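So the structure is just underneath, and the comments pick up after that.
The values are calculated or read from the model by the stated rules, or taken from the named source; none is laboratory data. None of the values given here were measured: they were computed from a predicted structure. Using ideal geometry, Cβ is built from the backbone for each residue, glycine included, and neighbour counts are taken over all protein chains shown. What goes into the accessible areas is simple: the full protein's heavy atoms, side chains included, and nothing from ligands, DNA or RNA. Shrake-Rupley method; radii C 1.70, N 1.55, O 1.52, S 1.80 Å.
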Amino acid sequence: MIEVNAVYVLVAREFKKFIRERSRLISTIARPLIWLFLVGGGMSKLVSPGMGLMGVSYIQFIFPGILGMTILFSAIFSSISIIWDKEFGLMKEILVAPVSRFSIVAGKALSGTIVSVIQAVIILALFPFLGIRIGATGIIETILVCTLLSFCIASLGIVIATFYDNFESFSVIMNFIVMPMFFLSGAMYPVKMLPQILKLVARLNPLTYGIDALKHTVFEGAGIFDFSLVTDVCVLLATSVVFVGVAGTLFERKK
Amino acid sequence: MVHFYMPVPIIKVQNLIKKYGNLTAVSDISFEVEQGTIFGFLGPNGAGKTTTIGILCTLLAPTSGSASIFGHDCARESSEVRKSIGIVFQDTTLDKDLTARENLVFHAYLYDVKKSERDRRINEALTFVGLYDRGDDLVKKFSGGMKRRLEVARGLIHRPKVLFLDEPTLGLDPQTRANLWDFIVELPRRHNVTIFMTTHYMDEAEVCDRIAIIDRGKIITIGTPEELKKTIGGDVIYVKTSDNRRAKSEIEKLFRVEVSEQDGELFLTSLKGDACIPEIIRALGDSVLSVRLQRPTLNDVFLKMTGREMRSEDVSSGDTLKAEVRTYRRHHDRS
């Protein structure tokens, strides 16, 4: 059962804190910008548009990947704030309330989704400066994919957060989960080019499908995709359901 | 027709056991708490107080035995139990990045307090704990005492039937502690709640209507503070006179008790020390130089029951146990 009041207040709290903490917004926006212009700009000279990128420049090629990165970091961060809440006690206040565990998971996942989509939209607004053309439908589709991907990653973040109860685990999550997910997602280079084993890992990474879907919506029909858009969306939907289910079940456990 | 006053037990705990691996945190305890009273769980750190609260407020599952609140089983009917309880945990559970008012709003939504009631209850609660003027300040600017008061206010927003206070005065300075107690003893009358509190301060437990002394996971004794103190023989009266020899025999004749002498002072124990004093003065007249009465403390009770002082090294062994339980939880939570 889902309690709307609880979901609402969890989202409202996150949103209020998001708006209040300017430094958090600035740093999460700064990271993708640095990658886009410093890494992307630098690599553009090394990677010629002929190298499997189907006529798009490297900085254009990584644009969907940078959107994915923005979502990956902000959604995971938002969910991992659960660990923060466990460490500083607020989670207990939430857990003793007459609220189902699925409402807590839904509230947290939606919080992460909203916060991530806002940041992704800010980055998306850069597309004209990169020489990319996206039509109105493309923009709407892109935002929809961003929303779905954000929800999926935020739910994954909750599953991860249920396994940790102190903040020392933070760097473990960053180094062993978030960074590999980013590099093995097709964000910086086409999945096709990866060695066989890594290609397999990339296929198990939900972010791969999210970024692939973003490539579809950003470069309508440029032919640099690994899967069909339908496949991407179905995988994202299915994994979201699984993550929410797992997170809810893990939350329900009593010690 | 004769009506008997039947006290209503609101909390019932029967043969409750909680084990962490080989470690028994709560070892077969049973007790009842009557509606509208203050019930105290008194014991050193690591005695099993917080674990018991954890089970009662549905966060921990008991290994065996049962606990119920208002007839709802804490393990099976969590949702019903959660609606009727409020909790102030040992460590603060406020969101420091929100204002006092926002913390209360958050709570009101979580407990689905009606829109028409919300603002009124929040204002009332802030006024009640004397934080109305600070309502829009971020909680991180609050002192320890203010935070604790805000947490009590928050715990009452949804009008719980039972309020749990886990070491409510831990880490507060004596002045703040005293203020907080004045405020807590008012709660049952003003808010019609039953209070279940834990403490390891002996003097604080005296405000309770009934006390259970718990040590190493077992309840050693339960009773009113008066009853518990009586078990150690009552008050001690110290008398100083100009002629102690004559006074000693007079008093012994008067009360038929043994009177001892120490450092030029006579002393005797009596269940009703305060009533004995006038009689002593009447019998001895002008020869009385001073009379003083010493009431037994709960610390004396604990000492008598366990053979140990509650503070000193016992606390540290309790802390060790607590640390062990925490480590165990960390390691086994995931399995």
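Structure summary
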{"read-out": "Output for the stretch B:238-259, where each listed residue is in a loop (DSSP other than H, G, I, E, B) and surrounded by 15 or more Cβ atoms within 10 Å (Cβ to Cβ)", "value": "B:Val259"}
{"read-out": "Among residues of the stretch B:58-72, those that are more than 10 Å from chain A (Cβ to nearest Cβ) and open to solvent by less than 20 Å² (accessible area, probe 1.4 Å), counted", "value": "2"}
{"read-out": "Members of the stretch A:1-27 found to be more than 11 Å from chain B (Cβ to nearest Cβ) and among the aromatic types (Phe, Trp, Tyr), listed by number", "value": "A:Phe15"}
{"read-out": "Meets criteria (free of Cβ contacts under 8 Å to residues at least 60 places away in the same chain, in contact with a Cys (Cβ under 6 Å, 6 or more places away or on another chain) and in a helix (DSSP H, G or I)) for A:Val121", "value": "no"}
{"read-out": "Set B:Gly171, B:Gly145, B:Gly130: member being in a helix (DSSP H, G or I) and in the same structural domain as B:Glu32 (by TED's automatic domain parsing)", "value": "B:Gly145"}
{"read-out": "Residue within the stretch B:115-130 that is within 13 Å of chain A (Cβ to nearest Cβ), modelled with pLDDT of 90 or more and open to solvent by less than 30 Å² (accessible area, probe 1.4 Å) present", "value": "no"}
{"read-out": "Residues located in the stretch A:86-110, provided they are of a type outside the set (A, V, I, L, M, F, W, C), within 13 Å of another protein chain (Cβ to nearest Cβ), open to solvent by less than 20 Å² (accessible area, probe 1.4 Å) and assigned to a helix (DSSP H, G or I)", "value": "A:Glu93, A:Arg101, A:Ser103, A:Gly107"}
{"read-out": "All helices (runs of 4 or more DSSP H) inside the stretch A:165-255 with 2 or more residues being at pLDDT 90 or above, open to solvent by less than 10 Å² (accessible area, probe 1.4 Å) and more than 14 Å from chain B (Cβ to nearest Cβ)", "value": "A:206-218, A:229-252"}
{"read-out": "Subset of the stretch B:266-292 [under 31 Å from the mean Cα position of the chain (by Cα) and surrounded by fewer than 16 Cβ atoms within 10 Å (Cβ to Cβ)]", "value": "B:Leu271, B:Lys272, B:Asp274, B:Ala275, B:Arg292"}
{"read-out": "Looking only at the stretch B:84-111, and only at residues there that are surrounded by fewer than 18 Cβ atoms within 10 Å (Cβ to Cβ) and at the interface with another protein chain (Cβ under 7 Å from one of its Cβ atoms), the one that is farthest from the chain's Cα centre (by Cα)", "value": "B:Asp97"}
{"read-out": "Residues of the stretch B:15-73 satisfying the condition of being touching a residue at least 40 places away in the same chain (Cβ under 8 Å) and in contact with a Cys (Cβ under 7 Å, 6 or more places away or on another chain)", "value": "B:Ile38, B:Phe39, B:Gly40, B:Leu56, B:Ala67, B:Ser68"}
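Conditions tested, residue by residue: (1) in contact (Cβ under 8 Å) with a residue 40 or more places away in the chain; (2) in contact with a Leu (Cβ under 7 Å, 6 or more places away or on another chain).
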{"position": "A:Ser44", "(1), (2)": "no, no"}
{"position": "A:Gln60", "(1), (2)": "yes, yes"}
{"position": "A:Gly65", "(1), (2)": "yes, no"}
{"position": "A:Met69", "(1), (2)": "yes, no"}
{"position": "A:Ser78", "(1), (2)": "yes, no"}
{"position": "A:Glu87", "(1), (2)": "yes, no"}
{"position": "A:Ser103", "(1), (2)": "yes, no"}
